[in-house]
1. Looking only at segment 129-150, which residues are free of Cβ contacts under 8 Å to residues at least 40 places away in the same chain, away from the ligand (no atom under 16 Å from the Cβ) and closer than 22 Å to residue 198 by Cα?
2. Of the conditions (1) modelled with pLDDT under 95; (2) touching a strand residue (DSSP E or B) at 6+ places or on another chain (Cβ under 8 Å), residue 119 fails just one. Which one is it?
3. When segment 195-206 is examined, which residues are found to be under 16 Å from residue 167 (Cα atoms) and away from the ligand (no atom under 16 Å from the Cβ)?
4. Looking at 157, 100, 94, can you tell me which residue is within 16 Å of the ligand (Cβ to nearest atom) and either over 25 Å from residue 231 (Cα atoms) or not assigned by TED's automatic domain parsing to the domain that holds residue 412 (or both)?
5. Does residue 68 count as within 30 Å of residue 133 (Cβ to Cβ), surrounded by fewer than 22 Cβ atoms within 10 Å (Cβ to Cβ) and in contact with a helix residue (DSSP H, G or I) (Cβ under 6 Å, 6 or more places away or on another chain)?
6. Are any residues in segment 76-86 under 28 Å from residue 121 (Cβ atoms) and either in a loop (DSSP other than H, G, I, E, B) or away from the ligand (no atom under 16 Å from the Cβ) (or both), and if so, which ones?
7. Residue under question is residue 89, and the condition is that it be touching a residue at least 12 places away in the same chain (Cβ under 8 Å) and within 16 Å of the ligand (Cβ to nearest atom); does it hold?
Ligand SMILES: [Mn+2]
């Protein structure tokens with residue numbers, strides 16, 4: 001498979017960056033980054049460099065006053081209260097915050113989290129009726145409720161009041177609740193709109209504690225930060241303040257449950273938003289995916305060390321099971337895709353299977369979309385229906401594509417980058433066709449994933465000052481990604497294993513300047529390039545402590561053959577995919593894929609001389625000395641050699657291995673049916689091409 005990304009380097013105005021540095025006395029790399037990211041007004045600089053803006057007054061949110069009055073009354077009169085949450089990490093942390101706060105107030109409070117499988121997200125009539133039977137008098141929703149118009153009406157008819165707190169977009173009609181707190185209400189004039197559910201929950205607690213909001217922030221900001229990072233809302237404005245404070249609180253280690261979730265992490269190193277995403281958040285989510293979100297709520301609320309140990313051990317097990325199930329689904333999807341060229345070369349990969357855990361298919365779809373560089377939907381069939389989850393590629397609006405398939409779907413929802421569906425089993429094939437037809441109509445050429453580079457690095461002048469200066473921009477995450485740098489034209493000097501062979505260390509060099517980079521999660525034998533290849537690297541710079549000394553680390557995020565013309569190569573790959581799907585090519589397209597005798601002979605000789613070493617398509621181009629050449633045509637060349645029995649290939653991940661059998665007698669390479677089909681399309685409509693055959 002040839003996965004190709006477009007590398008986009010942000011334009012840099014050096015003079016403006018220098019002027020910015022001078023005006024605000026900023027160190028040079030920091031000023032450069034801020035200039036590149038358009039953060040150059042006095043206000044923006046002050047917001048980034050200052051102590052962090054304060055939280056705005058929670059009562060600026062519409063209905064917050066009503067929410068506070070209703071909740072206070074319930075606490076005072078000891079009315080049974082339920083916090084109605086959600087099973088993902090944002091919903092779980094929101095639930096834990098409001099529940100433990102009310103409990104500390106001495107309220108009669110419990111919480112309810114719907115089951116991911118069976119009930120699904122948000123309120124439902126059955127759960128509302130069950131809560132009424134339990135004698136609940138007040139429901140407080142967190143991270144959900146804004147669209148529960150009917151359920152809120154039902155609750156009211158059963159004698160319960162509802163206070164809605166949510167951060168999702170409202171539909172046309174708001175629920176008729178005692179209070180509806182959601183910054184996206186059209187009549188809400190509060191200054192910040194991008195909170196997660198947990199962010200809104202923190203504002204609610206601040207409002208309830210209006211005499212000492214600082215105390216309640218101090219106590220709950222760690223949980224709010226977890227929910228905020230988990231929900232991938234932009235870490236700007238009040239979210240930036242919230243997460244900065246939350247990270248400090250987590251580093252102090254005040255909450256037993258959070259400490260347990262960060263376990264096997266060295267907490268003396270700075271806890272970053274990124275580390276929350278890698279350690280604590282998948283573990284909280286795993287409990288919800290495995291059907292036991294309460295386990296995570298209990299862990300986050302517990303103050304008993306023994307209980308925390310037990311719950312944390314169970315959650316680590318949930319996460320391990322989640323990881324294994326995810327790997328199994330991913331492997332099964334890959335086998336299905338690679339066994340079927342129409343799937344493998346389709347614009348959108350749609351794969352269905354039985355026995356796949358519906359709580360995991362979204363994670364699997366993300367892995368597949370990343371691997372093939374195109375949108376993917378993974379469906380889990382259960383009896384006559386299937387649940388599906390999809391992930392997209394920047395530039396392809398997945399939700400819009402689903403709208404075009406609405407007649408085939410029982411339910412669907414989502415946004416441009418991720419979406420979910422429910423569908424009858426018998427419609428799955430038609431769904432795959434309709435989705436791909438939508439893509440073909442709107443994207444004759446599918447967008448390729450983009451690598452956004454902030455700046456080019458000169459390997460001769462790299463220094464620990466780079467990450468040290470950029471720490472001012474933390475926390476990194478959604479809306480404020482960790483800076484990504486390009487190291488261009490680097491020759492690979494050495495590839496060596498790290499961490500028992502699971503990771504890779506590579507030394508690269510350019511004009512005598514050497515840089516050592518680390519590539520996590522890639523074993524040396526899976527790396528698509530070899531010693532001697534010249535590559536471009538997209539890296540993040542990190543500072544680590546090593547024997548009491550600060551050490552500069554470059555972490556490899558992307559790699560490509562140096563000098564590759566990515567636009568041209570992506571186009572060439574798309575034409576090749578079109579050819580493999582069996583669609584008609586234009587004569588010009590067929591022409592770009594058609595190799596001549598010299599090109600076929602060159603790749604044949606190269607494969608023979610490589611003696612069965614694993615390599616990638618890009619490294620083959622490099623070795624052919626054709627970095628400007630086209631990947632699609634290279635794939636055709638390999639197909640022809642294979643078809644004519646000149647070379648046999650074994651594939652593994654992005655890599656291929658060639659065996660070149662001894663030839664008895666002469667092989668007529670031009671008798672290839674691949675070549676035949678290409679020639680037919682060149683000749684059919686094109687100018688006189690017959691002379692070439
Ligand atoms: Mn949420």
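1. In the first step, residues of segment 129-150 are kept if they are free of Cβ contacts under 8 Å to residues at least 40 places away in the same chain; the result is 129-130, 132-133, 146-150.
Okay, now just the ones that are also away from the ligand (no atom under 16 Å from the Cβ), so 129-130, 132-133, 149-150.
Answer for segment 129-150, where residues must be free of Cβ contacts under 8 Å to residues at least 40 places away in the same chain, away from the ligand (no atom under 16 Å from the Cβ) and closer than 22 Å to residue 198 by Cα: just 149.
2. (2)
3. Passing the criteria: only 205.
4. One residue alone meets the criteria, 94.
5. Spelling it out, residue 68 is indeed within 30 Å of residue 133 (Cβ to Cβ), surrounded by fewer than 22 Cβ atoms within 10 Å (Cβ to Cβ) and in contact with a helix residue (DSSP H, G or I) (Cβ under 6 Å, 6 or more places away or on another chain).
6. Keep residues of segment 76-86 that are under 28 Å from residue 121 (Cβ atoms), which gives 79-86.
Answer for segment 76-86, where residues must be under 28 Å from residue 121 (Cβ atoms) and either in a loop (DSSP other than H, G, I, E, B) or away from the ligand (no atom under 16 Å from the Cβ) (or both): 79, 80, 81, 82, 85, 86.
7. Details: touching a residue at least 12 places away in the same chain (Cβ under 8 Å): yes; within 16 Å of the ligand (Cβ to nearest atom): yes.
In short, yes.
A quick yes/no check of all residues on (1) on the phi > 0 side of the Ramachandran plot; (2) under 25 Å from the mean Cα position of the chain (by Cα):
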| position | (1), (2) |
| --- | --- |
| 459 | no, no |
| 464 | no, no |
| 478 | no, yes |
| 500 | yes, no |
| 515 | no, no |
| 525 | no, no |
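The values are calculated or read from the model by the stated rules, or taken from the named source; none is laboratory data. These numbers were taken from a predicted model, which means no experiment stands behind them. Quick reminder, even Gly has a Cβ in these numbers, built from the backbone with ideal geometry, and neighbours come from all protein chains shown.
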